[in-house]
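Here's the structure, in structure tokens; my notes come after.
The values are calculated or read from the model by the stated rules, or taken from the named source; none is laboratory data. What you are looking at is a predicted structure, and each value in this text was computed from that prediction instead of being measured. Quick reminder, even Gly has a Cβ in these numbers, built from the backbone with ideal geometry, and neighbours come from all protein chains shown. In case anyone asks, the SASA skips ligands and DNA or RNA and just uses the protein heavy atoms, side chains included. Shrake-Rupley method; radii C 1.70, N 1.55, O 1.52, S 1.80 Å.
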Amino acid sequence: MDLLRNYADQEDNGLDEPEKQNPQNENSSAAASPESSPPRLLPSKSAAPKVDDTMLALTVAQARQTQFRPLDPTQHVVAFNPTYDQLWAPIYGPAHPYAKDGIAQGMRNHKLGFVEDASIQSFVFDEQYNTFHKYGYAADPSGNNYIGDLDTLQKNEGMSVYNIPQHEQKKRKLEKKKETEENDDVGVDMDSEEVNNPASDTWLMKNRKSPWSGKKEEMQTELTEEQKKYAEEYAKKKEEKGNAGNDKGEAVEDKTTFHGKEETDYQGRSWIAPPKDAKAANDHCYIPKRLVHTWSGHTKGVSAIRFFPKYGHLILSAGMDSKVKIWDVFNSGKCMRTYMGHSKAVRDISFCNDGTKFLTAGYDKNIKYWDTETGQVIRSFSTGKIPYVVKLNPDDDKQNILLAGMSDKKIVQWDMNSKEITQEYDQHLGAVNTITFVDNNRRFVTSSDDKSLRVWEFGIPVVIKYISEPHMHSMPSISLHPNTNWLAAQSLDNQILIYSTRERFQLNKKKRFAGHIVAGYACQVNFSPDGRFVMSGDGEGKCWFWDWKSCKVFRTLKCHEGVCIGSAWHPLEQSKVATCGWDGLIKYWD
């Protein structure tokens, strides 16, 4: 650039010299060109490329603007790095129309607004919390400043309830030292014998190490009459409690209520006496079609029903309301007597052969033997475990033998006359669900939660047949066919399986009854008295009837709301069936 300027200056000088040399020519030249052209100057040139800085200025302005632009709390992506003040600035704009505190519904995680988890140790929190309540100030967790009463803060030099300043610690040490010196001075004046005697108060005062060491234990004096009486009563109660624990079952007062008009008729016959004209009309059974009667009296579900043996003029029901009721079937159709002796739901009931007595098993771990007529408890048994099934030996000469399947995998055998356990059958791996006598009552079959069947010789605790297959499910109900050759087992895979009661106890693969839904429920399976029909409730409140020969579904009745848990065929009236369910009702069908 300098070279170009020098060149221009030289050119100007060269133009001036001829003018000086030829002044005479001025006029001629002026005449020739009246207006002489001015001297021409070359424009300065830059070698750097031209840059448009408009966009740069806009970017800088936008960056400055973003520094003060508030953030939208609902947006998920931020295109720039916001400052701390921007992130924690209050929400701008009008209040949210549907939120009192102006926070949108999506923003709140608490009914009072938005709550954030703070990473603070429990000790630190307790320290600041207690300091604030004692002194009126606390450290702000979001920064290094304090909140609350700042004057007290300065006065206490930032002391918290858990940390004591140095001067306070020194003060306390001096006070303690002074106190010990005083005690030593007192000890000098005391008798040396007392100081050396550990039983004396002087020795205790001198050698005390805790606030409690100065206290002398009082010698045990004799109890007063009132204290002795209280101690005896307490010991008696404790002993009773211990005995109750040994007896295992929950102690409940046995009560009974008779609901009929009279316990005997004009001839002196008992209310449980069967009618003399009760006979089977014919040997042919029919499937019921309609509802005849409903018994309602249980406040909770009914878990089992049993007809009076041979005659069926009464029906016994076990309720989850801890009561057992007996109902009239032939005449009034009302509840005749209520038996109250359990504190929890009754699980199973079983009549003796003549119906004058019956057994109940409850979830209160008690088994009770009742007199049907009077409602008195004859015997009570318990092992401390829940009995799931109770059965008397069906032989007439062995009606004093009780078998109970327990929740602790055992089958316990009692002699009810001596009230002693005579045998324990202990082979199952789960709670025992059923006991069924077969082979002229010489053997019995048990099923369990361990998904197996076991056959026992009565009185001998050795399994003579063990049935367990990988495809088998638990069988919570088993019933014997009237011809005693077959067992029907309710399997929890929604089918009824048939086993032979002969030597091998084989599964009859040709007979299988299905269609009902019983998974999870111990629905009772039963046969018609002539053996032509198989009957079972299900989990949907229906009662199913199958033909024994063809295994086809014959009829279904919608009986209950909820589960139809029990069903029983009347022993004499061939077309009548009773069902019970968890709706608390017992229904009679014809």
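Of all the strands (runs of 3 or more DSSP E) wholly in the stretch 285-381, which have at least 2 residues that are within 30 Å of Thr422 (Cα to Cα)? Outline the logic, then answer.
Working: elements: 291-296, 302-307, 314-319, 323-328, 335-340, 346-351, 357-362, 367-371, 377-381.
Result: 302-307, 314-319, 323-328, 335-340, 346-351, 357-362, 367-371, 377-381.
Across the stretch 377-417, which residue is most open to solvent (accessible area, probe 1.4 Å) among those that are farther than 23 Å from Ala251 by Cα and of a type in the set (A, V, I, L, M, F, W, C)?
The selected residue is Ile401.
Quick one: Glu573 ticks every box in (1) open to solvent by 40 Å² or more (accessible area, probe 1.4 Å); (2) more than 15 Å from Ile315 (Cβ to Cβ) except a single one, so which number is it?
Going through (1) open to solvent by 40 Å² or more (accessible area, probe 1.4 Å); (2) more than 15 Å from Ile315 (Cβ to Cβ) one by one, Glu573 breaks only (2).
Restricting attention to the stretch 136-168, which residues are open to solvent by 90 Å² or more (accessible area, probe 1.4 Å), among the polar types (S, T, N, Q) and modelled with pLDDT under 85?
Once the filter is applied, which keeps residues that are open to solvent by 90 Å² or more (accessible area, probe 1.4 Å), among the polar types (S, T, N, Q) and modelled with pLDDT under 85, the stretch 136-168 yields Ser142, Asn144, Gln166.
Got at least one residue in the stretch 298-311 being closer than 27 Å to Lys576 by Cα, modelled with pLDDT of 90 or more and open to solvent by 70 Å² or more (accessible area, probe 1.4 Å)?
There is at least one residue in the stretch 298-311 that is closer than 27 Å to Lys576 by Cα, modelled with pLDDT of 90 or more and open to solvent by 70 Å² or more (accessible area, probe 1.4 Å).
Within the stretch 113-149, track down each residue that is hydrophobic (A, V, I, L, M, F, W, C) and part of a loop (DSSP other than H, G, I, E, B). Break it down stepwise before answering.
We begin by selecting, within the stretch 113-149, every residue hydrophobic (A, V, I, L, M, F, W, C); these are 114-115, 118, 120, 123-125, 132, 138-139, 147.
Those that are hydrophobic (A, V, I, L, M, F, W, C) and part of a loop (DSSP other than H, G, I, E, B): Phe114, Val115, Ala118, Ile120.
Yes or no, residue by residue, for (1) assigned to a loop (DSSP other than H, G, I, E, B); (2) among the hydroxyl-bearing types (Ser, Thr, Tyr); (3) open to solvent by 100 Å² or more (accessible area, probe 1.4 Å); (4) at pLDDT 80 or above:
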{"residue": "Lys176", "(1), (2), (3), (4)": "no, no, yes, yes"}
{"residue": "Glu193", "(1), (2), (3), (4)": "no, no, yes, no"}
{"residue": "Lys216", "(1), (2), (3), (4)": "yes, no, yes, no"}
{"residue": "Gln267", "(1), (2), (3), (4)": "yes, no, yes, yes"}
{"residue": "Pro274", "(1), (2), (3), (4)": "yes, no, no, yes"}
{"residue": "Ala281", "(1), (2), (3), (4)": "yes, no, no, no"}
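Within the stretch 346-355, is even one residue over 24 Å from Pro529 (Cβ atoms) and in contact with a His (Cβ under 6 Å, 6 or more places away or on another chain)? Write out each step before concluding.
Initial filter on the stretch 346-355 (over 24 Å from Pro529 (Cβ atoms)): 346-347.
The next check asks that each one be in contact with a His (Cβ under 6 Å, 6 or more places away or on another chain); those that pass are none.
Within the stretch 346-355 (the criterion being over 24 Å from Pro529 (Cβ atoms) and in contact with a His (Cβ under 6 Å, 6 or more places away or on another chain)), the answer is no, since none of the residues qualifies.
Across the stretch 332-368, which residue is nearest to Phe437 (Cα to Cα) among those that are among the aromatic types (Phe, Trp, Tyr) and surrounded by 23 or more Cβ atoms within 10 Å (Cβ to Cβ)? Show your work before the answer.
Going residue by residue through the stretch 332-368, those that are among the aromatic types (Phe, Trp, Tyr) are 339, 351, 358, 363.
Next, only the ones that are surrounded by 23 or more Cβ atoms within 10 Å (Cβ to Cβ) stay: 339, 358.
Numbers: Tyr339: 27, Phe358: 17 Å.
Out of the qualifying residues, it is Phe358.
Looking at (1) part of a helix (DSSP H, G or I); (2) charged (D, E, K, R); (3) open to solvent by less than 100 Å² (accessible area, probe 1.4 Å); (4) modelled with pLDDT under 85, find the lone condition where Glu250 falls short.
Result: Glu250 fails condition (1) only.
Pick out the one residue from His76, His133 that is open to solvent by 80 Å² or more (accessible area, probe 1.4 Å), at pLDDT 80 or above and more than 30 Å from Ala63 (Cα to Cα).
Values: His76 fails: more than 30 Å from Ala63 (Cα to Cα).
Exactly one residue qualifies, and that residue is His133.
Considering only residues that are within 38 Å of the chain's Cα centre (by Cα) and in a strand (DSSP E or B), look in the stretch 452-462 and name the one that is surrounded by the most Cβ atoms within 10 Å (Cβ to Cβ).
Kept after step one, since they are within 38 Å of the chain's Cα centre (by Cα), are these residues of the stretch 452-462: 452-455.
Now drop any that are not in a strand (DSSP E or B), which leaves 453-455.
On the way: Leu453: 26, Arg454: 22, Val455: 20.
Per the stated criteria, the residue is Leu453.
On the given criteria, is Gly405 in a loop (DSSP other than H, G, I, E, B) and touching a residue at least 12 places away in the same chain (Cβ under 8 Å)?
Working: in a loop (DSSP other than H, G, I, E, B): no; touching a residue at least 12 places away in the same chain (Cβ under 8 Å): yes.
Judged against the criteria, Gly405 is not a match.
Would you confirm whether any residue within the stretch 414-425 is under 24 Å from Ala522 (Cα atoms) and not in a strand (DSSP E or B)?
Taking the stretch 414-425 as the starting set, the residues that turn out to be under 24 Å from Ala522 (Cα atoms) are 425.
Remaining after also requiring not in a strand (DSSP E or B): none.
No, there is no match, as no residue in the stretch 414-425 is under 24 Å from Ala522 (Cα atoms) and not in a strand (DSSP E or B).
Only one of (1) modelled with pLDDT under 90; (2) in a loop (DSSP other than H, G, I, E, B) fails for Pro394. Which number is that?
With respect to (1) modelled with pLDDT under 90; (2) in a loop (DSSP other than H, G, I, E, B), Pro394 is out only on (1).
Across the stretch 530-545, what is the number of residues that are without any contact (Cβ under 8 Å) to a residue 40 or more places away in the chain and either within 14 Å of Trp589 (Cα to Cα) or of a type in the set (Phe, Trp, Tyr) (or both)? Outline the logic, then answer.
Start the filter on the stretch 530-545 by keeping residues that are without any contact (Cβ under 8 Å) to a residue 40 or more places away in the chain, which leaves 538-540, 542, 544.
Checking which are either within 14 Å of Trp589 (Cα to Cα) or of a type in the set (Phe, Trp, Tyr) (or both) leaves us with 542, 544.
Total satisfying the criteria: 2.
Scan the stretch 522-539 residue by residue and report those that are over 25 Å from Leu314 (Cβ atoms) and at pLDDT below 90.
Listed by number, the list is empty, since nothing qualifies.
Give the residues of the stretch 468-507 that are free of Cβ contacts under 8 Å to residues at least 40 places away in the same chain and open to solvent by less than 30 Å² (accessible area, probe 1.4 Å), sorted by residue number.
Met472, Ser491, Gln495, Leu497, Ile498, Ser500
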